[in-house]
Amino acid sequence: VSLSAVLSVLMVILPARAAEKNWSGSGDAVSWTDDNNWSSNEAPGPLDDALIDADAASVVCSQTFKARTLTLGGRGNPTLTSQNFVFGEIIPPAATVTAIEVRKGGKFILKGAGTITVSGTYKDTEGSVVSEPSLMFWIQ
C-alpha cells in the first residue's frame with residue numbers, strides 16, 4: 001500500500017478541523033480572499049474562526065465568503081466591509097455559539113444588495129454594524 005493511498009483514506013475518514021485564521025494584512029492588505037492577508041496564508045473557509053483585530057485594518061469582502069465564526073476588533077480599530085452583491089455565511093457548530101462578535105473598536109459595514117446569513121448568536125461589545133437599507137442581514 002502506498003503512502004499516498006493511506007493519506008487519501010485518512011483524509012476521508014478524519015473529520016476536518018477548524019482553524020483560527022488571524023488577519024495579518026501581509027498580502028494586498030485589503031481583500032478577505034487574498035490568502036496572504038491571513039496568518040495561515042489561507043483565507044478563512046466554512047470551518048474556520050476568523051479574527052480581525054489589527055489596528056486600522058480595512059478589510060473588504062467583495063466575493064462570497066464563509067467562516068465558522070468572526071471576531072472583529074479588540075486590540076485595534078479594524079473595519080470589515082461587505083460590498084454590493086456579496087453573499088456570506090457565518091455558521092458556528094451550534095446555534096448557542098457566538099457567530100459574530102464585534103468588539104470595542106470594531107466596525108462591520110454592510111453595503112448594498114446581498115445576504116449575510118448568521119446561524120448562531122451575534123454579540124456587539126461597543127462595536128457597530130452599519131447597514132444600508134438594501135442589505136439583508138439574517139440571524140437564524
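The values are calculated or read from the model by the stated rules, or taken from the named source; none is laboratory data. None of these values were measured; they are calculated from a predicted model. A quick note on method: Cβ atoms are made from the backbone with ideal geometry, for glycine too, and the neighbour counts reach across all protein chains shown. Ligands, DNA and RNA are stripped out before the accessible areas are found, and what is left, the full protein with its side chains, is counted by its heavy atoms. Shrake-Rupley method; radii C 1.70, N 1.55, O 1.52, S 1.80 Å.
Some values worked out for this structure:
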read-out	value
Any hit, segment 109-128, residues being open to solvent by 70 Å² or more (accessible area, probe 1.4 Å) and at pLDDT 90 or above	no
Subset of segment 94-104 that is more than 11 Å from the chain's Cα centre (by Cα) and over 23 Å from ALA56 (Cβ atoms) - its residue that is surrounded by the most Cβ atoms within 10 Å (Cβ to Cβ)	THR98
Residue check for LEU110: in contact (Cβ under 8 Å) with a residue 12 or more places away in the chain, closer than 14 Å to ALA18 by Cβ and hydrophobic (A, V, I, L, M, F, W, C)	no
Boolean, ILE91 is within 11 Å of the chain's Cα centre (by Cα) and within 14 Å of GLU20 (Cβ to Cβ)	no
Criterion (within 20 Å of GLY120 (Cα to Cα) and aliphatic (A, V, I, L, M)) met by exactly one of ALA43, ALA57, ALA50	ALA50
